[in-house]
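Here is the structure we will look at.
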Amino acid sequence: MNKKQDRSDWKPTRDGYGKGLVELGKANKDVVVLSADLTSSTRANWFKKEFPDRFFSFGIAEQDMMSTAAGFALSGKIPYCCTFGVFASGRAWDQLRVSVSYMDLNVNIGGSHGGVMVGPDGATHQALEEISLMRVIPNMQVVVPCDILEAEKATIAASVTEGPVYIRLGREKTAVITKETDDFKIGKADTLKEGKDLTIIACGTMVYHALVASESLEKDGIDAGVINLHTIKPIDAKAILEAAGKTGAIVTAEEHLIAGGMGSAVAEIIVREKPVPIEMVGIEDRFGESGSPWGLMEHLGLMPEDIVAAAKKVLKRKRS
């Protein structure tokens, strides 16, 4: 993939979240939406326009929003909380842990503007840690959709999923790689391409990059499979172990810190059940910075060519 690639038909995953909320609002009167001063940024304004009596704005008070969501859930409602991922996972972590997850309530959190592709907003608004922060909370489920269609399906699926669900969303437009007819189930990985030499396991924006990398590797005679691990928790251990057994080498790719993220979750499965060489593509121990979305992706080593390099490195380890 190069900088001149046509991205005119790409769409942000936050739009899928907004569409999902509207569909839920039409189908179920128990669905309520809570926003923390970022209504348009999270696309919660689409729900607000259609169902103003079921929309609640809390301003810059994420802790209050999460606590109120717990109350809604206890009263039989299905609350969706909307804010930036960095605020949901940071400012309101205690409320999510104690008020929501401890009681295993059906509170669904839309964490928008995840990853470095927030771009110019810089380190304070780039959520690079929230997958790790969320997945360590007992009962919390973590979903990272790869495109707008998957984000909409995840949003709708969360309404009938027992317990809290965190959905990571992005601001920047990304490739649409799934179809409306594709099945989606929280906790079930999607194998996009079978491989023989290694398997690339990716989530979010990096799923498309994994597919591009797989095509590039094919030109070098390397057969790389691709798994869309849209659910980080509960993780699809069966799919991961089958891929490890079949190909004998794994590369993980995520727009997130390597420490504690999706790659770490995959490694936890591999090391206990079927040890094979693993290489991880992600962000090293650092904060983000201001810049253009795609400039930052390249600067931080999150492009298809970085996955290709990791694939060739893991194959050397496999063969040795």
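Here are the numbers for this structure:
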item: Region 162-175 residues that are at positive phi, paired with ones that are part of a loop (DSSP other than H, G, I, E, B) (beta carbon under 6 Å, 6 or more apart); result: G163/D104; G163/N139
item: Selection from region 217-236 of residues that are of a type in the set (G, A, S) and crowded, with 17+ Cβ neighbours inside 10 Å; result: A224, G225
item: Positions within region 266-284 being touching a strand residue (DSSP E or B) at 6+ places or on another chain (Cβ under 7 Å) and in a loop (DSSP other than H, G, I, E, B), in sequence order; result: V276
item: Within region 207-225, considering residues that are among the small types (G, A, S) and within 24 Å of the chain's Cα centre (by Cα), the one nearest to E150 (Cα to Cα); result: A210
item: Identity of the residue in region 70-116, among the aliphatic types (A, V, I, L, M) and either not in a helix (DSSP H, G or I) or not assigned by TED's automatic domain parsing to the domain that holds I60 (or both), that ends up nearest to the chain's Cα centre (by Cα); result: I109
item: Qualifying residue in region 238-254 (condition: of a type in the set (S, T, Y), in a helix (DSSP H, G or I) and in contact with a helix residue (DSSP H, G or I) (Cβ under 8 Å, 6 or more places away or on another chain)); result: no
item: Which listed residue is more than 18 Å from P234 (Cα to Cα), touching a residue at least 60 places away in the same chain (Cβ under 8 Å) and either part of a helix (DSSP H, G or I) or aromatic (F, W, Y) (or both), from A154, A210; result: A210
item: One residue from I250, I222, I278, I283 being without any contact (Cβ under 8 Å) to a residue 60 or more places away in the chain and not assigned by TED's automatic domain parsing to the domain that holds L133; result: I278
item: Meets criteria (more than 25 Å from K179 (Cα to Cα), hydrophobic (A, V, I, L, M, F, W, C) and crowded, with 20+ Cβ neighbours inside 10 Å) for L21; result: no
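The values are calculated or read from the model by the stated rules, or taken from the named source; none is laboratory data. From a predicted model like this one, the values you see are computed outputs, not experimental measurements. Neighbour counts are summed over all protein chains in view; Cβ atoms, including those assigned to glycine, are modelled from backbone coordinates with ideal geometry.
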